[in-house]
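No value in this document is a laboratory result; all are computed from the given coordinates. Being a predicted model, the structure only gives us computed values, none of them experimental. So basically every Cβ, Gly included, is an ideal-geometry build from the backbone, and we count neighbours across all protein chains shown.
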């Protein structure tokens with residue numbers, strides 16, 4: 001019986017200690033931690049020239065691999081480490097109305113993102129090679145965050161758009177988006193037409 005009383009006292013002491021420790025551990029100033037995102041380390045930039053079928057050339061980041069679809073005039077620059085790609089479409093201006101049609105088609109593709117975009121900012125620039133270009137910067141949970149169109153107004157039209165293959169919030173992709181945006185501006189600044 002004495003053994004039973006000793007065990008009961010030990011159990012009660014342990015319970016009291018646990019209760020006291022849990023009360024002491026409570027902190028009235030508890031604040032929830034904000035949602036965080038993974039740190040993304042982007043590599044240094046290094047560019048190499050690329051010529052596409054004697055139509056045009058530019059400098060691309062060595063991090064991007066090239067995928068071509070000659071039948072449609074598409075070129076994809078793949079950033080495999082980030083599940084991202086720049087879709088580049090080249091079209092020849094053959095008839096008088098072609099340029100307007102190409103520009104309207106580009107705006108139609110951009111306007112498809114109006115429902116999800118919190119803002120769409122359009123900027124007209126002149127590149128280092130003296131080409132006129134329109135840069136379109138989209139904010140919000142949209143599949144393409146950055147686009148450009150440029151032309152020589154006579155023979156060539158070029159459109160570029162950044163897409164991600166992952167369903168991730170754009171806030172967490174922000175460093176990659178900014179990294180690739182700079183590559184796209186570099187493409188515009190080094191773009192040269194042939195023919």
Residue-span extension gain [residue 130 to residue 65] - 0.36 nm each, minus C-alpha spacing: 20.7 nm
Protection proxy ranking of 97-104, 135-142 - average other beta-carbon atoms within 10 Å, highest first: 135-142, 97-104
Cα centroid separation, the stretch 71-105 to the stretch 107-182 (Å): 12
Segments 157-165, 41-49, 106-114, 124-132 sorted - mean Cβ within 10 Å per residue, highest first: 157-165, 106-114, 124-132, 41-49
The stretch 40-84 shape via C-alpha gyration tensor axes, a/c threshold 1.5: oblate
Estimated inter-spin distance, residue 152 and residue 121, nm [label 7 Å along Cα→Cβ]: 3.2
Net lengthening on full extension, residue 107/residue 57 (0.36 nm per residue, minus Cα-Cα): 15.6 nm
